[in-house]
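Taken together, the values in this text are just the output of simple stated rules run on the coordinates, not laboratory data. This structure is a prediction, so every number in the text was calculated from the model and none was measured. When we count neighbours, we look across all protein chains shown, and the Cβ atoms used for this are built from the backbone with ideal geometry, even at glycine.
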Amino acid sequence: MQPWRSRTGRHPLWATLVLALAAAGCFHSEPAAKLGKDQRSEQPSVVAQSRLTAQPLLDEAAGVVRAYWQARGLAFSIREAAPLRDHEDGAAASLSGGVIEDAHANGNPPSQNLTLSEIHVYVPRPERFPRVFLAAVTATDPDTSPEIYLVVFTKGARQAPWKASWWVKYANNTPLPSIVVDQDGFATQLAPSQQRRVLVTDAVTVERRLRDYLTQAEETDTPPRSGFFTDTADTYGTVKANEAFKKQSAQNGVAVGQSLKDARLPGFACLTRDGALFAVTIRADKLVGFLASPLVQDANQIQADRRIPPGSYRAVLYRYLATYAIQVPRTGSTDPRAVAVASSWSVTAVTART
Amino acid sequence: MSVWRFRFSLRDTSVLSTVSLGLIIVVATVLCIGGSTSRQPPPALSPVAAIAIVRSYANGWARVVSERDFTVLNQIQSGAALATTSAELKAKESAGEPRPEVPRPREVAVAVPRLELPPFPAHFLAIVTWSSRETDPYREVLEFEQVSRRTPWRVWATARLIDNIPPPPVAIDADGYAALVDARDAENLRFSARASAKLLGAYFDDHHAPDDPAIAPGPFSTGLRKQRMAANQNFQIQQVRQYQPGAFRTAAYRLSDGSALLLLALNGSRQVYPLDRQVVSAIIQRPGQQGFGGLVPPGTYGSITLQMTMMLAVTIPPAHSTRQLRVVARQEQDTRATTSPP
């Protein structure tokens with residue numbers, strides 16, 4: 001930012017031209033406020049402030065993301081959920097809680113404290129509460145590949161704080177969804193009635209069809225193809241891996257089955273150039289039955305997940321929560337299938353049965 | 001070359017100069033006929049032809065992956081790549097893993113150098129983004145090699161690039177060709193190819209100190225080492241690795257930041273054993289072979305020793321630079337397993 005400012009200071013004519021172009025709306029094609037590492041402590045630019053009505057809200061949203069990420073980094077690195085209590089609720093809290101509890105119980109190496117390297121925020125017009133915005137966050141660490149997360153933040157009432165209510169780790173080496181922003185810099189959140197008008201389907205149907213597909217996969221020996229979803233790592237890839245795991249487990253006398261549930265958590269839909277991006281959440285109960293011989297958890301809890309106390313068991317129930325980012329095409333699209341572009345899951349409870 | 005000769009003939013008029021000029025012309029002509037000028041050697045193949053070779057490789061690779069076709073594999077890979085793919089296919093077959101969906105090359109970029117001396121084996125580099133119906137896209141760097149004019153192009157080394165960052169920027173000249181840097185000694189680069197392989201072999205060896213200031217942090221260097229150390233600290237099953245330099249090239253591809261990209265292989269072994277036999281008495285490989293992979297048959301063992309090949313793409317800083325060696329791509333595969341009784 002500094003070189004730009006000094007240049008405009010020396011050349012008022014150039015600065016005037018830039019401001020005039022901005023006023024004429026020449027920069028309106030920029031998709032969203034992108035705030036790099038060097039821009040964290042200052043306003044993006046004079047030009048940006050003058051052209052976007054949404055700018056103060058984008059700045060506020062970026063601040064919310066930074067505070068959240070700091071708390072998240074601390075919580076994941078010390079394997080304690082406490083630092084996240086004021087920053088997360090809903091699916092995000094369950095998902096993070098599961099990851100942290102698993103790491104804490106099983107002594108998994110602490111997660112890296114990934115620092116933010118890039119934030120994109122997409123803020124709908126503030127018309128009513130609850131208010132919602134979406135962030136695409138790139139986080140890096142010298143020891144890991146950069147990771148990209150989509151995070152939905154919600155503010156329930158005027159006095160309530162912003163909290164992360166949903167997150168998903170985005171697919172590797174894949175461009176971010178092309179979210180549409182209007183000339184004032186606002187994204188468009190689609191209400192269920194708008195979804196059915198503009199898109200081939202709505203969020204409720206997508207969530208149900210996803211559960212149906214995963215349930216169908218449970219009932220067949222070969223991974224099914226979905227007519228509703230395009231085959232991707234998060235749909236076809238997942239059910240194929242599950243089938244293989246079930247077959248290998250069966251060789252060891254272990255039966256694995258899961259049932260899918262409605263998570264009863266609010267979704268989110270944001271207008272994109274090709275349709276919309278949906279944030280959906282599902283729950284799954286995975287029952288592992290030890291048919292050949294019981295699972296014997298030794299005194300040192302080496303044999304199985306350390307959330308299972310020492311003892312002999314015939315079955316273990318794992319409760320999962322999974323978030324999915326799904327792109328849905330517009331009405332009249334040549335390919336009407338939905339595309340799952342990302343998913344994240346964690347085990348939120350483990351119950352062993354004798 | 002013709003411009004260069006023409007300049008001399010205009011300037012020199014004396015007898016001595018004429019004789020010298022004649023000698024120069026003869027030498028230059030011989031060099032040209034032999035194709036051995038170091039200033040602008042002719043290309044081995046065009047970038048367009050190289051892309052066609054990569055596409056043909058992708059078709060063969062699709063058959064190898066989906067049908068586990070070893071005949072095709074031998075036609076498209078050699079060296080370290082062939083050894084690791086063969087072992088991987090055998091392990092998957094043994095463990096009864098389902099055949100993966102065919103990966104398709106979504107993006108292909110090539111860096112084709114001008115002809116090297118001697119002209120064979122000839123090489124070029126490809127960066128391919130693969131996608132399939134069951135995986136996220138991933139990027140791979142592959143080095144193709146043609147041993148002689150009559151043999152096919154084969155991939156001798158391949159490694160997966162770090163996710164979500166742009167691939168290394170190979171410098172391409174105005175004609176579309178890549179420049180090679182001689183990596184036989186440290187004249188052009190901070191580390192020679194041999195020194196780089198030795199450095200990395202020692203770096204990944206669990207018997208050595210975990211840090212080396214010559215190697216840059218990254219997911220495939222510090223991250224990998226920390227991950228392995230943490231696993232040994234947290235779990236009863238210990239895995240201790242050691243490596244030696246394997247195959248490497250002595251020519252690297254010039255990058256736009258002045259450093260150079262080199263592909264190399266390390267040969268290694270890993271010993272797997274319980275930390276405390278009072279707590280875990282033996283290693284159990286169950287019938288599904290999920291624990292230690294398809295190369296280890298089901299059974300109860302005192303320890304397992306796995307031979308491994310690690311292929312790496314590294315960027316080496318220029319000579320006199322204080323920058324570090326950086327691992328930008330990695331692929332590692334168990335190639336053989338031996339077991340000892342409990």
Let me know the charge dipole size of the protein assembly as shown about its Cα centre in debye, to the nearest 20, where only the beta-carbon of Lys, Arg (+1) and Asp, Glu (-1) is charged.
340
To one decimal place, what orientation-averaged projected area in nm² is obtained for the convex hull of the Cα set of the protein assembly as shown?
38.6
Please compute the average number of Cβ atoms from other chains found within 10 Å of each residue's Cβ in peptide B:130-141.
5
Between the Cα axis of helix B:193-204 and the main Cα principal axis of chain B, the angle (0 to 90°, nearest 10) is 20
Along the dipole axis of the protein assembly as shown (charges at Cβ: +1 for Lys and Arg, -1 for Asp and Glu; origin at the Cα centre), the most positive-end residue among A:Ser193, A:Gly97, B:Gly223 is A:Ser193
Computed for chain B: size of charge dipole around the Cα centre, +1 on C-beta of each Lys and Arg, -1 on C-beta of each Asp and Glu, debye to nearest 20, value 320
Here, B:Arg194 and A:Leu317, labelled 7 Å along Cα→Cβ, have an inter-label distance in nm of 6.6
Once the piece of chain linking A:Lys261 and A:Asp212 is laid out straight, how much longer is it, given 0.36 nm per residue of separation minus the C-alpha distance between them?
16.6 nm
Nearest 10, in degrees from 0 to 90: the angle of helix B:79-95 to the longest Cα principal axis of chain B is 20
Comparing B:Glu134, B:Glu101, B:Glu332 in a Gaussian network model of chain B (Cα, 10 Å), the one with the largest mean-square fluctuation is B:Glu134
Counting other chain Cβ atoms within 10 Å of each Cβ in A:294-305 and taking the mean gives 1
Any idea how far apart B:Asp185 and A:Glu127 come out in nm if each label point goes 7 Å out from Cα toward Cβ?
7.4
For residues of A:238-250, the mean tally of beta carbons on other chains within 10 Å:
3
Along the positive direction of the dipole of the protein assembly as shown (beta-carbon charges: Lys, Arg +1; Asp, Glu -1; about the Cα centre), which of A:Ala82, B:Gln289, A:Gly156 reaches farthest?
A:Gly156
So what is the relative contact order for segment A:193-353, in percent, with contacts set as C-alpha pairs under 8 Å and at least six apart?
24
Over segment B:47-340, what is the relative contact order in whole percent, taking alpha-carbon pairs under 8 Å and six or more residues apart?
18
Using a simple charge model, +1 on the beta-carbon of Lys and Arg, -1 on the beta-carbon of Asp and Glu, nothing else, what dipole does segment A:110-171 show about its Cα centre, in debye to the nearest 20?
580
Based on the mean of other Cβ atoms within 10 Å per residue, sort peptides A:123-135, A:298-310 so the most packed one is first.
A:123-135, A:298-310
Can you tell me the 0 to 90 degree angle between the C-alpha axis of helix B:47-67 and the longest principal axis of chain B, rounded to 10?
20
Taking Cα pairs under 8 Å and at least six residues apart, what relative contact order does segment B:129-270 come out at, in percent?
24
Label-point separation in nm, A:Ala67 to B:Asp69, each point 7 Å along Cα→Cβ:
6.0
